[in-house]
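Working notes, beginning with the structure itself.
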Amino acid sequence: MSSSLPVIDLRLARRDAAARSSVARQLDYACSEFGFFYLVGHEVGGQSTDGMLRLAREFFASDPAEKMQIHMSRGGRAWRGYFPVGGELTSGQPDLKEGLYFGSELGDSDPRVRAGLPMHGRNLFPDVPDFRVSVLEYMSALEGVGQQVLSLMAEGLRLDTDYFQRHFTADPTVLFRIFRYPPDEAAREGWGVGAHTDYGLLTLLQQDAVGGLQVLNRDRWLDVPPLADSLVCNVGDMLERLTNGRYLSALHRAKNLSARERLSMVLFLDPSFDAKLEPLPGVVPDSSQPHTNVRWDRIDPHAMQGTYGEYLLSKVSKVFPELAPTVL
């Protein structure tokens, strides 16, 4: 039984059809056995990542009153902005992190914004030079990688390579988060972010060199140490549902036990807000790899009714309960 996550090299998938097919099979194994994997050979440049981390550090180092100028309470129904340490809950407990929430940038004339659809609208950007442009460019680059991975996953599931894009991600729900975990040499009780699963299709994480991420694999927690030039990718609840449980939306958590701050940047590539998701025909679990995965909120994605947006809102209302009544 492996104690480390698979490493998927996207460069091989660009070589020829046989190599692409091999990568698709590797992805199928990684998603069914772990629900997590490293991704290398992607086309998100290190210079872009370093620049984004530098801007994030500059913002988080600013005066608290300045950060609160873009607090999430000012983002309205778009559900965007800043929250301080302890402002987000996981498993009902305050997280030991602060963060910034972004999403697809939509103008006031967008029909969804005009209709007041929650989690759609404009972002609140810090008053830091180049922050807005850098965030939107970085989001676009990560989304492109995510679409490539979904295409390979479709091939591994013996579907048309554009299956996910045609049915679920032609107009995806794209959310981007930047988190800062303060230094915690004292090893306080509580987690930077407690054990949870992600909600949508695919998550792409850029972590810095500090580490602290863990993923549950069967009955053991595996460390996910930083790997140079990699993204950490994982399956979300809706991909587990679509694949009839073949792919695992694995529990994961993070804790900073370092004398340094820890930064992570996360893009969630999720189905369109109005998508109704039913299990894919012909996709069955691997009976040799049974999974049990009880979520802290007891919401079973396999029992989901309605649209993805409804499922998403039922989740985030528990993450920021103080904002939920007015925003959602």
| message | Tell me yes or no: at least one residue of the range 98-120 is of a type in the set (S, T, N, Q) and without any contact (Cβ under 8 Å) to a residue 40 or more places away in the chain. | response | yes
| Residues being under 25 Å from residue 82 (Cβ atoms), surrounded by fewer than 24 Cβ atoms within 10 Å (Cβ to Cβ) and among the charged types (D, E, K, R) - total across the range 223-268 | 4
| field | Every residue from the range 125-146 that is under 18 Å from residue 10 (Cα atoms) and small (Gly, Ala, Ser) | value | 140, 141, 144, 146
| request: Would you be able to tell me the number of residues in the range 255-287 that are more than 30 Å from residue 209 (Cβ to Cβ) and not acidic (Asp, Glu)? | output: 14
| request: Could you figure out which of (1) modelled with pLDDT of 90 or more; (2) among the β-branched types (Val, Ile, Thr); (3) over 30 Å from residue 61 (Cα atoms) isn't true of residue 299? | output: (1)
| message | So, in the range 111-156, exactly how many residues are assigned to a helix (DSSP H, G or I) and either closer than 30 Å to residue 247 by Cβ or aliphatic (A, V, I, L, M) (or both)? | response | 25
| query | Tell me, which residue of the range 89-110 that is at pLDDT below 95 and outside any loop (DSSP other than H, G, I, E, B) is nearest to residue 198 (Cα to Cα)? | reply | 90
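Within the range 233-284, which residues are within 28 Å of residue 184 (Cβ to Cβ), part of a loop (DSSP other than H, G, I, E, B) and of a type in the set (S, T, N, Q)?
249, 256, 258
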| said: Every residue in the range 50-72 that is of a type outside the set (Lys, Arg), in contact (Cβ under 8 Å) with a residue 24 or more places away in the chain and either out of contact with any helix residue (DSSP H, G or I) (no Cβ under 8 Å at 6 or more places or on another chain) or exposed (fewer than 13 other Cβ atoms within 10 Å of the Cβ) (or both), please. | reply: 53, 56, 58, 62, 66, 69, 70, 72
| query | Quick one: residue 265 ticks every box in (1) over 21 Å from residue 298 (Cβ atoms); (2) in contact with a Gly (Cβ under 9 Å, 6 or more places away or on another chain); (3) of a type outside the set (Ser, Thr, Tyr) bar one, so which box is it? | reply | (2)
| For the range 201-232, how many residues are within 23 Å of residue 9 (Cα to Cα), part of a loop (DSSP other than H, G, I, E, B) and either touching a helix residue (DSSP H, G or I) at 6+ places or on another chain (Cβ under 7 Å) or free of Cβ contacts under 8 Å to residues at least 12 places away in the same chain (or both)? | 4
| request: Could you tell me which of the residues 279, 271, 321 is surrounded by 16 or more Cβ atoms within 10 Å (Cβ to Cβ), of a type outside the set (Gly, Ala, Ser) and either under 20 Å from residue 163 (Cβ atoms) or modelled with pLDDT of 85 or more (or both)? | output: 271
| said: Which count do you get for residues in the range 174-210 that are at pLDDT 90 or above and either under 11 Å from the mean Cα position of the chain (by Cα) or at positive phi (or both)? | reply: 15
| request: Consider residue 54 carefully, then state whether it is on the phi < 0 side of the Ramachandran plot and either touching a Leu at 6+ places or on another chain (Cβ under 8 Å) or among the acidic types (Asp, Glu) (or both). | output: no
| task | Kindly indicate which of 307, 292 is polar (S, T, N, Q), more than 17 Å from the chain's Cα centre (by Cα) and either under 22 Å from residue 171 (Cα atoms) or modelled with pLDDT of 85 or more (or both). | result | 307
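The values are calculated or read from the model by the stated rules, or taken from the named source; none is laboratory data. Bear in mind that the values here come from a model prediction, so they are computed numbers and not experimental data. Reconstructed Cβ throughout: ideal geometry from the backbone, glycine too, with neighbour counts over all protein chains shown.
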